[in-house]
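K.L.:
Okay, handing you the structure first.
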Amino acid sequence: MDKYRINHLKELEAESIFVIREVAAQFENPVMLFSGGKDSIVMFHLARKAFWPAKVPFVLMHVDTGHNFPETIDFRDKLMAETGTKCIVELVQDSIDSGRAVEEKGFNASRNKLQTITLLDGLEKHKFDAAMGGGRRDEEKARAKERFFSHRDEFGQWDPKNQRPELWNIFNGKKNIGEHFRVFPISNWTEMDVWQYIFMDGIELPNLYFTHQREVFMRDGQWMAVEPCMTLKPTEKIEVKHVRCRTIGDVTCTGLTLSEANSLEDIIQEVASTRTTERGGRSDDKRSESAMEDRKREGYF
Amino acid sequence: MSGKESGYLDMELLRFTTAGSVDDGKSTLIGRLLYDSKAIFEDQMEAIERASERSGHEEVNLALLTDGLRSEREQGITIDVAYRYFATPKRKFIIADTPGHIQYTRNMVTGASTANVALILVDARHGVIEQTLRHAYIASLLQIPHVLFCINKMDLVDFSQDVFEKIKNDVDAISSKLSVKDIRFVPISALKGDNVVDRSTKMPWYEGPTLMYLLENIHISSDINHDVFRFPVQTVIRPQSKDWPDYRGYGGRVASGSVKVGEEVTVLPSGFTSKVKSINIMDEELEFAFAPQSVAITLEDDIDISRGDMIVRSGDGGPQVSQDIEVMLCWFNERKLQPKGKYMVRHTSAEGRCMVKDVHYRMNINTLEKDTENIEICMNDIARVSLRVTKPLFFDSYCNNRITGSLILVDEGTNETVAAGMII
């Protein structure tokens, strides 16, 4: 029976393709959220597999905080051009300029929370009825409770205590007008699965994930990148280090890891031996024990 | 690629569900499996150490690791199914951790629906109780192929072989009423770690494998139905592009069995036959497709096929085709089942409407007796029901095929998933 067996990565791939096809079939105007991070890159890769040789039958949307690494934006534009995919960009700056969002103040100010406003406005503006995201259940404990098909009310809110039961591979995307769904095709993948899969399928990534020399400074025990959107305190000094990103979010909340890993094999080794979680370097999660749950309830990714 | 990583690439995926109440030590066991397989990271451990201290626990409360929602932490209870992940060099594991008390049936049924293995915890001090019966019944109803009874807290009964044997006999007596294919027993102490990952030195009388050994080695590749090819069509792929002007592929996930390029297939409901022309996962050409792969299939002939249709291999026995369906139904909603009520039904990629024609009996899952008198079906009830669907479904019995034998009911007013059905 060995020829009828697939490894865990192929099985996860099959599950994700199934979910993505189900979204295309059950919704009228779905969108795939794209951040330029490895999870959304893998999700987009799976979407291309799901509909090949046809093009992906939905558009992508990037909620751009304006505080991205330039490498992320370059990578996004190149990938979209190569695959002939349309990616809508919604700017947090526009939400701030129109008075819909108010910028945080202080050294640790982040636009992370403001993204929710831009995201919800974007979904409404384009009348999207389902938004696929690259969230994984192993990332964070509130995410561990997510469904594949996660219902959102007319305010975009998540009600974690009243979720629809989800059985076998039957997904219920029924909703009323004004409501939408968040769908998480790679729910069951772990950080290691994502890296192994990228290696197995030879998926291209932004070079931020690999070791490079960069100007950095230390804040709250975390190496941060020196970029125009970061204001350094007088006590913080700029150093040059060999670093890489373990996750890519916006510059203000993405901690960098000191690393010499310059190949996928190296990264896989590093992930296998590391003793802290991936989001341990994300200051947005450290604000409180239920930081993620609170943001998700409001409509965050 | 060298040893370790190539080993990782060759891992099998095993999904298991855990059943037991708070006091059975379920969270401790999961914490132990995660901790011993190094799936708990330092920052997670520090976070739960801080939280344990705050809430006044002396030992680190591993349950805090699985209780992800604020209200769960506040109330000290698990409300919803939580998914946990860990891996050993042999397998990747997905745990569906289901809470023991609130909305018990609903949650366990959900967790059980995709599981290869159920872990049922039994407190060695209390032996087989009503709840054990309930857990075993649901595992059997959902046809989880392997059920492992973990007789926990052996340290509190002096690691006694007699206690273990008695519980084993009691479970065997129950299981004659159930249909579980593979039942195993392991005496453990989740708290001390005996027979979880490492062999216990305290129970020399137990010669069987440890829990982790079972999880890593239990044979799961034949859990999938390999006999009959069933391919519910999810989506039709038509690029209509310059490079692919005439391509017409059928996207879907193989529910069971396998099919080869060149084999004759029958399309339901039309009954037309054709031959498989190609099977693809993107530009990767496959010679054959099998469960649980997601593929795109093209056929030699142009046949009108759309979502909700099913492609089967002509040589295999076909599925049943009928508008009248007998199911065991688990009811999930606060609004009771409406006799003669109409619901939306989802079955594989097909969708239709149905009427509840008859409720035959309600299962008393504490006694396994059939109640034909009181047949009002409320939340968490399990009942034998006849449905009449507006169009024929193509199905197999659930015990032969967990994918083509399962369905859900959706309330047409609220859009909520109100029930799960297993076709008899």
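The values are calculated or read from the model by the stated rules, or taken from the named source; none is laboratory data. Please read all numbers here as calculations on a predicted model, not as lab measurements. Ideal geometry is used to build each Cβ from the backbone, glycine not excepted, and the neighbour counts take in all protein chains shown.
K.L.:
B:V356: closer than 29 Å to B:P319 by Cβ, within 24 Å of the chain's Cα centre (by Cα) and not in a loop (DSSP other than H, G, I, E, B), yes or no?
P.N.:
no
K.L.:
Let me spell it out: the conditions are (1) under 30 Å from B:A173 (Cβ atoms); (2) more than 14 Å from chain A (Cβ to nearest Cβ), and B:G421 meets all of them except one. Which number is the exception?
P.N.:
Among (1) under 30 Å from B:A173 (Cβ atoms); (2) more than 14 Å from chain A (Cβ to nearest Cβ), B:G421 violates only (2).
K.L.:
Report yes if some residue within the stretch A:194-215 is over 30 Å from B:T417 (Cα atoms), basic (K, R) and modelled with pLDDT of 90 or more; otherwise report no.
P.N.:
yes
K.L.:
Consider A:V226 carefully, then state whether it is crowded, with 20+ Cβ neighbours inside 10 Å and more than 10 Å from chain B (Cβ to nearest Cβ). Working first, answer last.
P.N.:
On the way: crowded, with 20+ Cβ neighbours inside 10 Å: no; more than 10 Å from chain B (Cβ to nearest Cβ): yes.
It is false that A:V226 is crowded, with 20+ Cβ neighbours inside 10 Å and more than 10 Å from chain B (Cβ to nearest Cβ).
K.L.:
Being in a loop (DSSP other than H, G, I, E, B), at pLDDT 95 or above and hydrophobic (A, V, I, L, M, F, W, C) narrows it down to one of B:L329, B:L337, so name that one.
P.N.:
B:L337
Yes or no, residue by residue, for (1) within 14 Å of another protein chain (Cβ to nearest Cβ); (2) within 30 Å of B:K168 (Cβ to Cβ):
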residue: B:T210; (1), (2): no, yes
residue: B:I237; (1), (2): yes, no
residue: B:K275; (1), (2): no, no
residue: B:M282; (1), (2): yes, no
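K.L.:
Residues in the stretch A:204-221 that are surrounded by 16 or more Cβ atoms within 10 Å (Cβ to Cβ) and closer than 21 Å to A:E71 by Cα: how many?
P.N.:
First pass over the stretch A:204-221, keeping only residues surrounded by 16 or more Cβ atoms within 10 Å (Cβ to Cβ): A:205-206, A:208-212, A:214, A:216-217, A:219.
Filter once more, keeping what is closer than 21 Å to A:E71 by Cα: A:205-206, A:208-212, A:214, A:216-217.
The total comes to 10.
K.L.:
Residue under question is B:D371, and the condition is that it be closer than 11 Å to B:V345 by Cα and either surrounded by fewer than 18 Cβ atoms within 10 Å (Cβ to Cβ) or within 12 Å of another protein chain (Cβ to nearest Cβ) (or both); does it hold?
P.N.:
Considered against the rule, which asks whether it is closer than 11 Å to B:V345 by Cα and either surrounded by fewer than 18 Cβ atoms within 10 Å (Cβ to Cβ) or within 12 Å of another protein chain (Cβ to nearest Cβ) (or both), B:D371 comes out as no.
K.L.:
Taking the criterion of being within 12 Å of chain B (Cβ to nearest Cβ) and surrounded by 15 or more Cβ atoms within 10 Å (Cβ to Cβ), would at least one residue in the stretch A:256-265 satisfy it?
P.N.:
Yes: the stretch A:256-265 contains one or more residues that are within 12 Å of chain B (Cβ to nearest Cβ) and surrounded by 15 or more Cβ atoms within 10 Å (Cβ to Cβ).
K.L.:
Being assigned to a helix (DSSP H, G or I) and either under 15 Å from the mean Cα position of the chain (by Cα) or within 14 Å of chain B (Cβ to nearest Cβ) (or both) is the requirement here; does A:V31 meet it?
P.N.:
On the way: assigned to a helix (DSSP H, G or I): no; either under 15 Å from the mean Cα position of the chain (by Cα) or within 14 Å of chain B (Cβ to nearest Cβ) (or both): yes.
Judged against the criteria, A:V31 is not a match.
K.L.:
Oh, and also: Return the residues of the stretch B:145-172 that are within 30 Å of B:N401 (Cβ to Cβ) and either assigned to a helix (DSSP H, G or I) or not assigned by TED's automatic domain parsing to the domain that holds B:H126 (or both); say none if nothing qualifies.
P.N.:
Those that are within 30 Å of B:N401 (Cβ to Cβ) and either assigned to a helix (DSSP H, G or I) or not assigned by TED's automatic domain parsing to the domain that holds B:H126 (or both): B:V171, B:D172.
K.L.:
Please give the number of the condition A:P53 fails out of (1) assigned to a helix (DSSP H, G or I); (2) within 7 Å of chain B (Cβ to nearest Cβ).
P.N.:
Looking at each condition in turn, A:P53 falls short on (1).
K.L.:
Suppose we keep only residues that are assigned to a strand (DSSP E or B) and farther than 16 Å from A:W189 by Cβ within the stretch A:108-163. Which one would you say is nearest to the other protein chains (Cβ to nearest Cβ)? If you could, list the steps in order and put the result at the bottom.
P.N.:
Within the stretch A:108-163, the subset assigned to a strand (DSSP E or B) is A:130-132, A:149-152.
Remaining after also requiring farther than 16 Å from A:W189 by Cβ: A:130-131, A:149-152.
On the way: A:A130: 14, A:A131: 18, A:F149: 10, A:S150: 12, A:H151: 8, A:R152: 13 Å.
Per the criteria, the residue is A:H151.
K.L.:
Which condition number in (1) surrounded by 15 or more Cβ atoms within 10 Å (Cβ to Cβ); (2) without any contact (Cβ under 8 Å) to a residue 40 or more places away in the chain is the one that B:S241 fails?
P.N.:
Failing condition for B:S241: (1).
K.L.:
Go through B:N364, B:N400 for me and flag whichever is without any contact (Cβ under 8 Å) to a residue 60 or more places away in the chain and within 24 Å of the chain's Cα centre (by Cα).
P.N.:
B:N364
K.L.:
Here's something else I'd like to know. Could you list, in sequence order, all residues of the stretch A:49-78 that are basic (K, R) and surrounded by fewer than 16 Cβ atoms within 10 Å (Cβ to Cβ)?
P.N.:
Those that are basic (K, R) and surrounded by fewer than 16 Cβ atoms within 10 Å (Cβ to Cβ): A:K55, A:K78.
K.L.:
Related question: For the stretch B:113-128, check the following and say yes or no: at least one residue is out of contact with any helix residue (DSSP H, G or I) (no Cβ under 7 Å at 6 or more places or on another chain), in the same structural domain as B:Y35 (by TED's automatic domain parsing), part of a loop (DSSP other than H, G, I, E, B) and crowded, with 24+ Cβ neighbours inside 10 Å.
P.N.:
Yes, the conditions are met somewhere in the stretch B:113-128.
K.L.:
Can you work out which of the residues in the stretch B:161-204 that are of a type in the set (S, T, Y) and surrounded by 15 or more Cβ atoms within 10 Å (Cβ to Cβ) is nearest to the chain's Cα centre (by Cα)?
P.N.:
Filtering first and then ranking leaves B:S175.
K.L.:
Within the stretch A:75-89, can one find any residue that is under 20 Å from A:F171 (Cβ atoms), in contact (Cβ under 8 Å) with a residue 24 or more places away in the chain and of a type in the set (V, I, T)? Explain how you work it out, then say what you get.
P.N.:
The first filter runs over the stretch A:75-89 and keeps only residues under 20 Å from A:F171 (Cβ atoms), leaving none.
Within the stretch A:75-89, not a single residue is under 20 Å from A:F171 (Cβ atoms), in contact (Cβ under 8 Å) with a residue 24 or more places away in the chain and of a type in the set (V, I, T).
K.L.:
Please enumerate the residues belonging to the stretch B:91-142 that are without any contact (Cβ under 8 Å) to a residue 24 or more places away in the chain and under 18 Å from B:S27 (Cβ atoms).
P.N.:
Hits for the stretch B:91-142 are B:P99, B:H126.
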